[in-house]
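Visitor: Next up is a structure, given as C-alpha cells.
Every number in this text was worked out from the coordinates using simple rules, so none of it is lab data. Since this is a predicted model, take the numbers as computed values, not measurements. Quick reminder, even Gly has a Cβ in these numbers, built from the backbone with ideal geometry, and neighbours come from all protein chains shown.
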Amino acid sequence: DTAVSQTPKYLVTQMGNDKSIKCEQNLGHDTMYWYKQDSKKFLKIMFSYNNKELIINETVPNRFSPKSPDKAHLNLHINSLELGDSAVYFCASSQRGEKLFFGSGTQLSVL
Amino acid sequence: AQSVTQLGSHVSVSEGALVLLRCNYSSSVPPYLFWYVQYPNQGLQLLLKYTSAATLVKGINGFEAEFKKSETSFHLTKPSAHMSDAAEYFCAVSDGNAGNMLTFGGGTRLMVKP
C-alpha cells in the first residue's frame with residue numbers, strides 16, 4: 001500500500017551502461033519529482049513533471065532523462081553512466097505544490 | 001534499519017509564539033539528522049543538520065534543533081513564530097556513511113495564526 005514506490009532500491013552497474021529507475025505513486029498527485037542526494041546528504045531537485053510537462057530542470061546533464069508514461073509514473077533514465085553519478089535518488093510526488101511524499105530512495109553505485 | 005517519527009502532522013501556533021516540531025529517530029549507529037522545509041509551491045530547502053559535532057544546531061531563519069541521544073530526539077524550535085514560517089517541515093535521518101540514504105519522517109505542517 002506504499003504511496004510512492006521506487007525500484008530498484010539498490011542498483012550496481014558498470015560505467016558506460018544505461019539504466020532506469022522506476023517510480024510510481026498511487027496518491028493521485030499531479031506532480032512528480034526526482035531528487036538527488038549528494039555526498040553530504042543534501043537533497044537537490046533534478047526534475048519535476050506536472051501533467052506530463054517538465055516544469056523544473058536544474059543543471060542536470062542531458063544523460064539524465066525523465067520519462068512519464070502517465071500521471072502516476074515518472075521514471076528516470078540515465079545513459080552512459082559515470083562514476084560521479086553514484087548517489088541516492090529519491091522520487092517524490094505532490095498535489096499542486098503542496099506537501100511532498102517521498103519514495104524510499106534508490107542507491108546507485110557505478111563501478 | 002533507521003526510521004523517523006514526526007509527532008503531529010499539523011501544528012498551529014500564533015504569531016510570536018514558540019514553535020516546537022517534534023522528531024524522534026531510531027538508528028543502529030550514530031546518526032546524521034536533518035530538518036528540511038518545504039514552503040508552499042516550492043521544493044525542499046535545508047534548514048539545519050547535525051553531524052556529531054555540537055548537539056545544539058543553529059539553522060537558517062532563526063530555527064535551531066537539539067540532538068538528545070538519551071531521548072533519540074531532534075526537535076526543531078524557534079522562539080518566535082513569523083507568518084512566513086508557515087510551511088511543511090521534514091525531519092530526516094541517515095547513518096554516518098556517505099553513501100547511505102536519508103530516511104524521511106512524514107512531515108509536519110506548521111500553520112501560523114495572526
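Visitor: Show me, bin by bin at 10 Å from 0, the whole-percent P(r) of the protein assembly as shown based on Cα pairs.
Guide: 8, 33, 34, 20, 4, 0
Visitor: Mind running the shape call on segment B:1-91? Use the C-alpha gyration tensor, a ≥ b ≥ c as the square roots of the eigenvalues: rounded below 1.5 for a/c, prolate if a/b tops b/c, oblate otherwise. The partial results should precede the final answer.
Guide: Values: a/c = 1.74, a/b = 1.61, b/c = 1.08.
Prolate shape, in that a/c is at least 1.5 and a/b is the bigger ratio.
Visitor: Can you tell me how chain A classifies by the Cα gyration tensor, rounded, prolate or oblate, using a/c under 1.5 as the rounded cut? Display every interim value, and only then the final one.
Guide: Numbers: a/c = 1.71, a/b = 1.59, b/c = 1.08.
It comes out prolate by the Cα gyration axes.
Visitor: While we're looking at this one, here's another question. Go ahead and set up a Gaussian network model of chain B, Cα springs under 10 Å, then flag whichever of B:56, B:48, B:21 fluctuates most.
Guide: Residue with maximal mean-square fluctuation among B:56, B:48, B:21: B:56.
Visitor: Could you check the simple spin-label distance between residue A:30 and residue B:58, using points 7 Å along Cα→Cβ, in nm with one decimal?
Guide: With each label placed 7 Å out from Cα toward Cβ, I get 4.2 nm.
Visitor: In segment B:24-114, if the dipole is taken from +1 on Lys/Arg beta carbons and -1 on Asp/Glu beta carbons about the Cα centre, which of B:42, B:106, B:29 is farthest to the positive end?
Guide: The residue sitting most towards the positive pole is B:42.
Visitor: May I ask you to sort B:95, B:85, A:70 by Cβ crowding, counting other Cβ atoms within 10 Å and putting the fewest first?
Guide: On the way: B:95 16, B:85 20, A:70 8.
Listed from fewest to most nearby Cβ atoms, that is A:70, B:95, B:85.
Visitor: A further question follows. Run the dipole for the protein assembly as shown about the Cα centre, Lys and Arg Cβ at +1, Asp and Glu Cβ at -1, nothing else charged, and hand back the magnitude in debye, nearest 20.
Guide: Working: 21 positive and 18 negative charges, 31 e Å.
Approximately 140 debye in magnitude.
Visitor: Let me check I've understood the local charge: for residue A:78, count other residues with C-beta under 14 angstrom from its C-beta, Lys and Arg +1, Asp and Glu -1. What total comes out? Could you put the intermediate results ahead of the total?
Guide: Working: positive: A:19, A:22, A:36, A:63, A:67; negative: A:18, A:82, A:85.
Here the charged neighbours net out to +2.
Visitor: If the cut-off is a Cα-Cα distance under 26 Å, which lysines reach residue B:113, setting aside same-chain residues fewer than 8 apart in sequence?
Guide: Within the straight-line limit of under 26 Å, residue B:113 reaches these lysines: A:99, B:58, B:78.
Visitor: Taking the Cβ of each residue in B:28, A:65 as the centre, tally the other Cβ atoms inside 10 Å and list the residues starting with the fewest.
Guide: Numbers: B:28 8, A:65 15.
Lowest count first: B:28, A:65.
Visitor: Here's another thing I want to ask about it. What number, in percent, do you get for the relative contact order of chain B if the mean sequence gap of Cα pairs under 8 Å and at least 6 apart is divided by its residue count?
Guide: On the way: 291 pairs, mean separation 43.0, N = 114.
Relative contact order, chain B: 38 percent.
Visitor: First measure r as the distance between the Cβ atoms of residue A:53 and residue A:14, then evaluate 1/(1 + (r/R0)^6) with R0 = 30 Å and state the FRET efficiency to the nearest 0.05. Walk me through the intermediate numbers first.
Guide: Details: r = 34 Å, r/R0 = 1.12.
After rounding, the FRET efficiency stands at 0.35.
Visitor: Of all beta bridges DSSP finds with both residues in chain A, what is the antiparallel percent, to the nearest 5?
Guide: Values: 36 of 40 bridges.
Roughly 90 percent of the beta bridges in chain A run antiparallel, per DSSP.
Visitor: State whether segment B:58-97 is rounded, prolate or oblate according to the following rule on the C-alpha gyration tensor (a ≥ b ≥ c being the square roots of its eigenvalues): a/c under 1.5 gives rounded; otherwise a/b larger than b/c gives prolate, and the remaining case gives oblate.
Guide: Numbers: a/c = 2.49, a/b = 1.82, b/c = 1.37.
Cα axes put segment B:58-97 in the prolate bin.
Visitor: About the Cα centre of chain A, how large is the charge dipole given +1 on each Lys and Arg Cβ and -1 on each Asp and Glu Cβ? Please answer in debye to the nearest 20.
Guide: Values: 13 positive and 11 negative charges, 31 e Å.
I would put it at about 160 debye.
Visitor: Given Cα pairs under 8 Å that are at least 6 residues apart, what percent is the relative contact order of chain A? Please list the in-between numbers first.
Guide: Numbers: 280 pairs, mean separation 41.8, N = 111.
Relative contact order of chain A: 38 percent.
Visitor: Here's another thing I want to ask about it. With a 10 Å Cβ neighbour count serving as the proxy for reagent exposure, in which order, fewest first, do A:93, B:80 appear? Intermediate values should be presented prior to the final figure.
Guide: Working: A:93 27, B:80 12.
Final ranking by Cβ density, sparse to dense: B:80, A:93.
Visitor: Would you pull out the residues with amide H under 5 Å of residue B:109's amide H, same chain only if 5 or more places away, H placed 1.01 Å from N?
Guide: Those lying under 5 Å, H to H, from residue B:109 are B:10, B:11, B:89.
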